[in-house]
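K.L.:
Please find one structure pasted underneath; my questions will follow.
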Amino acid sequence: AQSVTQLGSHVSVSEGALVLLRCNYSSSVPPYLFWYVQYPNQGLQLLLKYTTGATLVKGINGFEAEFKKSETSFHLTKPSAHMSDAAEYFCAVSEDTGGFKTIFGAGTRLFVKA
Amino acid sequence: DAGVIQSPRHEVTEMGQEVTLRCKPISGHDYLFWYRQTMMRGLELLIYFNNNVPIDDSGMPEDRFSAKMPNASFSTLKIQPSEPRDSAVYFCASMKDSSNQPQHFGDGTRLSIL
């Protein structure tokens, strides 16, 4: 069965500092992995996704994530935080088992300090 | 390209009243999802449709909740009778094809039951 664990419900960084949001998953088959961002009073928006191929995936707004099968991880990073990055971030895993199944993590709220 | 459109954006009503939330998915998308988001429980999948057919409604909390998708461009989520604990943000999302595609979320309906 699939599951997603996001380590840390809240992360605080200073503007210009590295952003690292952690996501670990479990899946019985090769997974599809996603990161979404949610700004206040909006729905979730796709940041990036991994399906197959290159394990380092680049997304919008300077974010990237690396799929590490041996560690069952898909951590999200950004070299330099900007105030506009303050939002909630969700990791999600999906499996192609002949039907739909996507599991969302509990979310990590990112705070950016000036 | 229009995204997922939800209406109303905000709804305030008294306990016991019927509430109807509406969703127009992205044209050409095969899947439609209804989610509920609260601080306490996070993002919960209520029900999803594939080609207008309900596939999994195991997340619908009670018989007071019902969802329909009469055609490919419209879905409703109804709560009757509504209760204060139904207060939440309700999201609709649509998706093309299957598991390796991202979901596209609407901006949600913020529901307050007094």
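The values are calculated or read from the model by the stated rules, or taken from the named source; none is laboratory data. Quick caveat, the model's predicted, so the values are computed rather than measured. Neighbour counts run over all protein chains shown; Cβ positions are idealised from the backbone, glycine included. Just the protein is used for accessible areas: all its heavy atoms, side chains included, with ligands, DNA and RNA removed. Shrake-Rupley method; radii C 1.70, N 1.55, O 1.52, S 1.80 Å.
K.L.:
How about region A:8-60: which of its residues are more than 10 Å from chain B (Cβ to nearest Cβ), aliphatic (A, V, I, L, M), free of Cβ contacts under 8 Å to residues at least 60 places away in the same chain and surrounded by fewer than 19 Cβ atoms within 10 Å (Cβ to Cβ)?
P.N.:
A:20, A:54, A:56, A:60
K.L.:
Looking only at region B:55-65, filter to residues that are farther than 17 Å from residue A:104 by Cβ and surrounded by 16 or more Cβ atoms within 10 Å (Cβ to Cβ); which one of those is farthest from the other protein chains (Cβ to nearest Cβ)?
P.N.:
So the residue we want is B:65.
K.L.:
Quick one: which strands (runs of 3 or more DSSP E) sit completely within region A:66-114 and have at least 3 residues that are at pLDDT below 95?
P.N.:
A:87-95, A:102-104
K.L.:
Could I ask something else about it? Quick one: would you say residue B:99 is more than 11 Å from chain A (Cβ to nearest Cβ) and open to solvent by less than 50 Å² (accessible area, probe 1.4 Å)?
P.N.:
no
K.L.:
Being in contact with a Gly (Cβ under 8 Å, 6 or more places away or on another chain) and open to solvent by 40 Å² or more (accessible area, probe 1.4 Å) is true for just one of B:85, B:9. Which residue is that?
P.N.:
B:9
K.L.:
Moving on. Kindly indicate the residue of region B:69-82 that is under 21 Å from residue B:37 (Cβ atoms) and not polar (S, T, N, Q) and also surrounded by the fewest Cβ atoms within 10 Å (Cβ to Cβ) among those meeting that condition.
P.N.:
My answer is B:78.
K.L.:
Take the conditions in contact with a Gly (Cβ under 8 Å, 6 or more places away or on another chain), touching a residue at least 12 places away in the same chain (Cβ under 8 Å) and within 11 Å of another protein chain (Cβ to nearest Cβ) and apply them to residue A:88. Does it pass?
P.N.:
Yes.
K.L.:
I'd like the full set of residues that are over 12 Å from the mean Cα position of the chain (by Cα), open to solvent by 30 Å² or more (accessible area, probe 1.4 Å) and β-branched (Val, Ile, Thr), limited to region A:61-110.
P.N.:
Once the filter is applied, which keeps residues that are over 12 Å from the mean Cα position of the chain (by Cα), open to solvent by 30 Å² or more (accessible area, probe 1.4 Å) and β-branched (Val, Ile, Thr), region A:61-110 yields A:72, A:97, A:103.
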